[in-house]
Every structure is written in structure tokens, then in C-alpha cells.
Amino acid sequence: MRKNGSKIISFGRYRATDLLIFAAILAAFGMISFFAFTEWFVTDSSRYIFSISVPVTLLIMVRWNWYGMFYAAGDGLLYCILMLATGNMASGTELEYFLIYGLGSALIGLNYLMVKFMGYKKIAGRWYFTLLYAVCGWVLLVLGRAAVWACFGQGFLDGLLAFGGSDLLSLGMAVIILLVLRRLDGMMENQRDYLIRLDKERREKLLADNFGEEPVEIDEELLKTLNKKGEDMFSK
């Protein structure tokens, strides 16, 4: 695969680089958001969570299929690690936290079924399908966490209210981010298809630009033969 018109990199390296970039973005934003709500600007509303794990996870599902599931789980585990490191996690609840935010968040992976059966082109092609995609992903994330919460003897409905209410900001951000990204070329597109499309467009452009520029060699003997035939073409 050609990158920047000069260097050639493998498809595997391109995929690894793309996944790593989004993982770094998610981790950086997760840490900034955590300290902003728990250390820097602590108020009565600090119980609310502000995360971009939903849009990043759903974007990766479109770009690289099921890999996105690990981004939601990883973001949840990072949150637990930060809670533990800063002393904000109650003693004896460590396992509960890690399973809720790690295993529970992975349920968002079921949203890949929309990509699989509906197709990313339809999801990105209509704003209301993009909206549905974002909302379904967020709902599955909340359901997963509430389900694990219930396994520890807590009420399932209480879990839905707790996780859903505290994560409403994330839903809003997921909708806004995905609606913006769907307008950008190649962002909400399967990257294998995207690279194939770019290569096809490049080849077509080169063909159009070079048309008529190559010199044509003419065989003089063949030309004489054609001229002779041309003289007799209309003869009876």
C-alpha cells in the first residue's frame, strides 16, 4: 500500500498504526476527563462521567470491525485503575469495579451486528442511522454495566438509572462526534474498502492525466499496406 505518494507500508502496519492512534486518543482523553471531574473541578456534579469511549468504539467497529469492543473495555479498565491509584475506590469493591467497567462495557460489542447486517455505508450515509448507531451503542454499554452490577446483588433497574444517569454526557458527545465524522471522507468507512477506493481513484486519475501523452510507434511497412487497401476500398 502506498502512503503519502512515496513510501510503501504494509496493510498490517497501517492497521496497527491507526488502532494505536485511536487508543492513545482515548487514553489521553480518559485521563484528562477523570482528573477534571475528580480532582481539578470537583463539584456536586462531579459524579457525572464524561467519556468518548462510545464514539471511538463505534468508529473502530466501522473502520476495523470487532476490534472496537476492546476500546470500551480498555477505557473502563483505565477508569478503574485511576480510581484505585487516586484512592477514590472503596476498599473491598475492587473486583466489582473492574468487572462492571471492564466486562460490562464489552457488551457494546453487540453493536457490531448493525455494521455487519446493515452495512457501514447505510449507517454513515443517513444521519438518522448514525444517530441510531450511537444511541444503541450507548444503551448496550449501560446495559452491560447494569447487568454486571446486578450480579453483585444490586438492583438491575437501579444500575440502569445509576449508570445511565451519570453517563448522559457521553451519549451527547457520541451523537455529536459521530454526526460530524460521518461528513469527513474516509472516517466512517471500512479502511480496507477505503484504501481500495483511494487506489482506484489514483489509477483513474493517472490514466486520465496521461492519456494521449505516450508516443505511438508506427510501422511504415504496415502503413503502406493500409494505404494500398484504402485506395481499393471503394473499388468494384
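Here are the numbers for the structure shown:
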{"quantity": "Residue in the range 58-102 that is surrounded by the fewest Cβ atoms within 10 Å (Cβ to Cβ), counting only those that are in a helix (DSSP H, G or I) and among the β-branched types (Val, Ile, Thr)", "calculated": "Ile81"}
{"quantity": "Conditions (1) under 21 Å from the mean Cα position of the chain (by Cα); (2) surrounded by 13 or more Cβ atoms within 10 Å (Cβ to Cβ): number failed by Phe117", "calculated": "(2)"}
{"quantity": "Where a residue in the range 3-22 is over 16 Å from Leu198 (Cα atoms) and its partner, wherever it lies, is modelled with pLDDT under 90, with Cβ under 7 Å and at least six apart", "calculated": "Leu19/Tyr67"}
{"quantity": "Residue in the range 127-179 that is surrounded by the most Cβ atoms within 10 Å (Cβ to Cβ), counting only those that are polar (S, T, N, Q) and touching a residue at least 60 places away in the same chain (Cβ under 8 Å)", "calculated": "Ser170"}
{"quantity": "Number of the condition not met by Glu189 [criteria: (1) more than 21 Å from Asp75 (Cβ to Cβ); (2) assigned to a helix (DSSP H, G or I); (3) not aliphatic (A, V, I, L, M)]", "calculated": "(2)"}
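The values are calculated or read from the model by the stated rules, or taken from the named source; none is laboratory data. Source: prediction; values computed, not measured. Note: ideal-geometry Cβ built from the backbone for every residue, glycine included; neighbour counts use all protein chains shown.
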